[in-house]
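Right, one structure below, let's go through it.
The values are calculated or read from the model by the stated rules, or taken from the named source; none is laboratory data. Model, not experiment: these values are computed from the prediction. We place every Cβ from the backbone using ideal geometry, glycine too, and count neighbours over all the protein chains shown.
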Amino acid sequence: MIRPLTDAELAEAAALAAAAFREDAGFAHILPDDALRRWRLPSILEGMLRVDRACGGIVTGAFDDGALVGVASVLPPQAAEADLAHWTRELPRLGWLAFSPATLLRAMGIRRAIESVRPKTLDYLNLLAVHPATQGRGVGAALLNAAPKALYLETFEEKNAEWYQKRGFRLGSEVRSPVRPAFWTLRRG
């Protein structure tokens, strides 16, 4: 079953996404130390999901026998731009970033690079994550099928770009930089 997540379910969704993205090149760039990434990535992802929702995004979960096994966050074209006020509300979760300015700068650099190429006229798949224990069972495809047809996304993993292409997405471009990992843009519809 796929349905919108409640506020109370966002922490669980963030923990699931953190497990799925633990080896992701983008998040590994933001938090290079694996132990720190395991500890802090859930708070970053929960903050991101909450900001997405506050901006008008739709955060959905995929459930199997009542257990959350996947999560997606889609921002419609008319969604508000996340601003300082949105992120300030997440200080209880993300206040630790004040003591880790390098992490904050790396995260801001990646976000700025993504936003510089993202078309604002398409629905934007900001996050799609499936718990590692349930990957390969069609959960990600089901979440994609529940999303709008015309959709844009980016990924820091080439194997994920190939996965999306098998599901009807066209590869846009590879965005490279000497200061952060490359990412690929994709769209469908």
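Could you list, ordered by first residue, the pairs with Cβ atoms under 8 Å in which the first is in the range 157-173 and modelled with pLDDT of 95 or more and the second is part of a loop (DSSP other than H, G, I, E, B), at least 6 apart or interchain?
Pairs that qualify, where the first residue is modelled with pLDDT of 95 or more and the partner is part of a loop (DSSP other than H, G, I, E, B), are Glu157/Asp24.
Scan the range 70-99 and report the pairs whose first residue is at positive phi and whose second residue is loosely packed, with under 14 Cβ neighbours inside 10 Å, with Cβ atoms within less than 6 Å and a gap of 6+ or a chain change.
Note: no pairs meet the criteria.
Restricting attention to strands (runs of 3 or more DSSP E) lying wholly within the range 66-183, give those where 3 or more residues are farther than 18 Å from Ala20 by Cβ, more than 16 Å from the chain's Cα centre (by Cα) and not charged (D, E, K, R).
Ranges flagged: 170-175.
For residues in the range 136-162 being touching a Lys or Arg at 6+ places or on another chain (Cβ under 8 Å) and more than 21 Å from Ser116 (Cβ to Cβ), which is surrounded by the fewest Cβ atoms within 10 Å (Cβ to Cβ)?
Of the range 136-162, the ones touching a Lys or Arg at 6+ places or on another chain (Cβ under 8 Å) are 141, 144, 149-154.
Now restrict to residues that are more than 21 Å from Ser116 (Cβ to Cβ): 141, 144, 149.
Numbers: Ala141: 14, Leu144: 19, Lys149: 9.
It comes out as Lys149.
Quick test of your reading of the structure: Arg112 fulfils all but one of (1) surrounded by fewer than 20 Cβ atoms within 10 Å (Cβ to Cβ); (2) free of Cβ contacts under 8 Å to residues at least 40 places away in the same chain; (3) touching a strand residue (DSSP E or B) at 6+ places or on another chain (Cβ under 7 Å). Name the failing condition by number.
(3)
Looking only at residues that are out of contact with any helix residue (DSSP H, G or I) (no Cβ under 6 Å at 6 or more places or on another chain) and among the β-branched types (Val, Ile, Thr) in the range 1-55, which one is surrounded by the most Cβ atoms within 10 Å (Cβ to Cβ)?
Ile44
Which is free of Cβ contacts under 8 Å to residues at least 12 places away in the same chain and closer than 24 Å to Arg180 by Cβ, of Asp33, Asp52, Asp65? Explain how you work it out, then say what you get.
Values: Asp52 fails: free of Cβ contacts under 8 Å to residues at least 12 places away in the same chain; Asp65 fails: closer than 24 Å to Arg180 by Cβ.
So the residue among Asp33, Asp52, Asp65 that is free of Cβ contacts under 8 Å to residues at least 12 places away in the same chain and closer than 24 Å to Arg180 by Cβ is Asp33.
Just one of the numbered conditions (1) under 15 Å from the mean Cα position of the chain (by Cα); (2) small (Gly, Ala, Ser); (3) within 25 Å of Arg180 (Cα to Cα) is not true of Ala11; which one?
Ala11 satisfies every listed condition except (3).
Against the condition surrounded by 13 or more Cβ atoms within 10 Å (Cβ to Cβ) and touching a His at 6+ places or on another chain (Cβ under 6 Å), how does Val69 come out, does it pass?
Yes, satisfied.
Would you check which residues across the range 16-35 are in a helix (DSSP H, G or I) and touching a strand residue (DSSP E or B) at 6+ places or on another chain (Cβ under 9 Å) and list them?
Residues satisfying the conditions are Leu16, Ala17, Ala18, Ala19, Ala20, Ala25, Gly26.
Mind checking which residues of the range 108-132 are among the acidic types (Asp, Glu) and more than 17 Å from Trp87 (Cα to Cα)? Before you say what the answer is, go through the steps one by one.
Within the range 108-132, the first condition is being among the acidic types (Asp, Glu), and the residues that meet it are 115, 123.
Across the range 108-132, the qualifying residue is only Asp123.
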